[in-house]
Amino acid sequence: MYEGVVADLIEELGRLPGVGPKSAQRIAFHLLQADADDVQRLADALTQVKARVRFCDVCGNVAEEERCRVCRDPRRDGSVICVVEEPRDVVAIERTREFRGTYHVLGGAISPIDGVGPDDLRIRQLMGRLASGEVTELILATDPNLEGEATATYLARLVRPMGLRVTRLASGLPVGGDLEYADEVTLGRAFEGRRLIDV
């Protein structure tokens, strides 16, 4: 339907995750109507992020230096590592302001259907960090889906001989949710993770 650079722009935007053909068209036409300065700022931001952002040498989180902000912070508890799938999971946990340990970003989850095995993730680097003997607890905060559960189970079995305390984030009913709309797995997890109420 479109040709030339407009078609190229729509095609490239459509390759972004979560952007379908209609959204790609809307974004493309928004950019066509935007001020040249606004478009240039976007282009500069994209260029800068590719040039300056890398992955932390220690944990795999996004960073502009060799180490990310969390790994550089001397106030963080190095004896506790929270294992997550992606850097955006670090952001979600940090927003809670509940966790003061460090992180390890795997770069995905085990998924045989997608051809992702343990060797495709940053598991070897995690084992290297655990070998120092400084870590006492490993929190497995992978997604509560089939791939995340498989990854958590794999890691728990792998580190069991090390004598670490291995924990998994609780999962269950969301605050404000209705029981009638909860699926069986979520409701089952809520029952498994129930806790005593002290009155």
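FYI, it's all coordinate maths here, none of it is from the lab. Since the model is a prediction, treat every value here as computed from it, not as a measurement. Don't worry about glycine lacking a Cβ; one is built from the backbone with ideal geometry, like all the others, and counts go over all protein chains shown.
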Can you list the residues of the stretch 1-31 with backbone N under 19 Å from a point 7 Å past the Cα of Arg41, pointing along Cα to Cβ? 27-31
Rounded to the nearest 5, what % of the DSSP beta bridges within the chain are antiparallel ones? 20
Residue span Thr186 to Ala156: 0.36 nm per residue of separation minus Cα-Cα distance leaves a gain in nm of 8.7 nm
Placing +1 at every Lys and Arg Cβ and -1 at every Asp and Glu Cβ, with all other atoms neutral, what dipole size does the chain have around its Cα centre, in debye to the nearest 20? 860
What order do you get for Tyr2, Tyr154, Tyr103 when you list them from fewest to most C-beta neighbours inside 10 Å? Tyr2, Tyr154, Tyr103
Where only C-alpha atoms are counted, convex hull volume of the chain per residue in Å³: 221
Taking every DSSP bridge whose two residues both lie in the stretch 75-168, the antiparallel percent to the nearest 5 is 5
Sites Val5 and Asp57 - FRET efficiency at Förster radius 35 Å, r taken between beta-carbons, to 0.05: 0.35
For the stretch 1-74: span of alpha carbons on each principal axis (Å, largest first): 55, 26, 16
Can you give the angle from 0 to 90° between the axis of helix 146-159 and the longest principal axis of the chain, with both taken from C-alpha atoms, to the nearest 10? 50
Mind checking which of Leu42, Leu121, Leu140 has the largest fluctuation in a GNM of the chain, springs on alpha carbons under 10 Å? Leu42
Placing +1 on each Lys and Arg Cβ and -1 on each Asp and Glu Cβ in the chain, then taking the dipole about the Cα centre, the residue among Pro174, Val70, Val19 whose Cα reaches farthest towards the positive end is Val70
When the convex hull of the C-alpha atoms of the stretch 103-199 is computed, what volume per residue in Å³ does it have? 147
Roughly how many debye, to the nearest 20, is the charge dipole of the stretch 4-52 about its Cα centre, given +1 on each Lys and Arg Cβ, -1 on each Asp and Glu Cβ, and no other charges? 240
If I take every Cα pair under 8 Å that is 6 or more residues apart in the chain, average their sequence separation and divide by the length, what percent do I get for the relative contact order? 13
Residue among Thr151, Gly60, Leu164 farthest towards the positive dipole end of the chain, charges placed on Cβ: Leu164
Roughly how many nanometres apart are two label points built 7 Å out from the Cα toward the Cβ at Thr136 and Ser79? 0.2
Between Arg194 and Thr167, the FRET efficiency computed from the C-beta separation at R0 = 25 Å comes out, to the nearest 0.05, as 0.90
